Amino acid sequence: MGDEFDVGARLKILRQKAGLSQRQLAERAEVPHGQISMIETGRSSPSVASLRRILGGLGITMSAFFEPDETSLAQVFFRACDLTDLTGHLGDGVAIAQVGDATAHGLQILYETYAPGADTGEAMLAHEANEGGIVVEGEIEVIVGDQRMVLGPGDAYLFDSRAPHRFRNPGPGVARIISACTPPYL
């Protein structure tokens, strides 16, 4: 999944390219002004939900943020090293890797890894899409609206992503999921 990715430096480049101050971006993204500064200077690592909200203020997806170069639509096969790391080094124990160019295909296929205790964050996610996945290793607690279930290997989920949702690894070992989302979210 490649070399180390500098989330702060990339955010600063895109913010400046958009002609926005840190304060303007913070207002657009509805986050504290200091949060943008802390991320850009490497003093803080945002959660997946926070980064997505900030990137929304710039009008770009996480996929475009982490994979600025276009991939070829002709590419059919992808080795593990070809997957795009969408989480960088966010420091929350969640790693998400994407297969190919989700935007070009209208389908996002993800390989998700959750360390013991890792969580997508207290803020529930919600977006215009449908998503589903199959647990291939460990346990993952999936919360969708007021429904909650711990899933194990071979168990699956499928839901309308407009419903507030969250993922958490309550188990002692690593949890891995193969998931898909359409239209692409991250």
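Counting only residues that are part of a loop (DSSP other than H, G, I, E, B) and open to solvent by 20 Å² or more (accessible area, probe 1.4 Å), which one in region 122-133 is farthest from Gly93 (Cα to Cα)? Residue satisfying both the conditions and the ranking: Glu128. Six or more apart or on different chains, Cβ under 8 Å: which pairs go from a residue in region 3-31 that's without any contact (Cβ under 8 Å) to a residue 60 or more places away in the chain and surrounded by 13 or more Cβ atoms within 10 Å (Cβ to Cβ) to one that's among the polar types (S, T, N, Q) and in a helix (DSSP H, G or I)? Could you list them? The qualifying pairs are Arg15/Gln22; Gln22/Ser37; Ala26/Gln35; Val31/Ser50. For region 36-56, name all the residues that are more than 21 Å from Ala118 (Cβ to Cβ), open to solvent by 20 Å² or more (accessible area, probe 1.4 Å) and part of a helix (DSSP H, G or I). Selection gives Ser37, Met38, Glu40, Gly56. Filtering region 154-173 to residues that are open to solvent by 50 Å² or more (accessible area, probe 1.4 Å) and farther than 17 Å from Arg52 by Cα leaves Gly154, Asp155, Ala156, Leu158, Asp160, Arg168, Pro170, Pro172. With respect to Arg52, determine if the residue is out of contact with any Pro (no Cβ under 8 Å at 6 or more places or on another chain), among the basic types (Lys, Arg) and farther than 24 Å from Leu125 by Cα. The answer is no for Arg52.
Quick check, is Leu151 without any contact (Cβ under 8 Å) to a residue 24 or more places away in the chain, crowded, with 17+ Cβ neighbours inside 10 Å and touching a strand residue (DSSP E or B) at 6+ places or on another chain (Cβ under 7 Å)?
Yes.
When Glu139 is tested against (1) surrounded by fewer than 19 Cβ atoms within 10 Å (Cβ to Cβ); (2) over 22 Å from Ser63 (Cβ atoms), just one condition goes unmet, and that condition is (1).
Any residue at all in region 169-186 that's under 29 Å from Ser44 (Cβ atoms), of a type in the set (D, E, K, R) and either in contact (Cβ under 8 Å) with a residue 24 or more places away in the chain or part of a loop (DSSP other than H, G, I, E, B) (or both)?
Within region 169-186 (the criterion being under 29 Å from Ser44 (Cβ atoms), of a type in the set (D, E, K, R) and either in contact (Cβ under 8 Å) with a residue 24 or more places away in the chain or part of a loop (DSSP other than H, G, I, E, B) (or both)), the answer is yes, since at least one residue qualifies.
May I ask you to say which residue of Thr61, Thr84 is crowded, with 19+ Cβ neighbours inside 10 Å, over 22 Å from Ala18 (Cα atoms), modelled with pLDDT under 85 and out of contact with any His (no Cβ under 7 Å at 6 or more places or on another chain)? Thr84 is the lone residue from the list that is crowded, with 19+ Cβ neighbours inside 10 Å, over 22 Å from Ala18 (Cα atoms), modelled with pLDDT under 85 and out of contact with any His (no Cβ under 7 Å at 6 or more places or on another chain).
The values are calculated or read from the model by the stated rules, or taken from the named source; none is laboratory data. Bear in mind the structure is a predicted one, so any value in this text is a computation, not a measurement. Virtual Cβ from ideal backbone geometry, glycine too; neighbours counted across all protein chains shown. Just the protein is used for accessible areas: all its heavy atoms, side chains included, with ligands, DNA and RNA removed. Shrake-Rupley method; radii C 1.70, N 1.55, O 1.52, S 1.80 Å.
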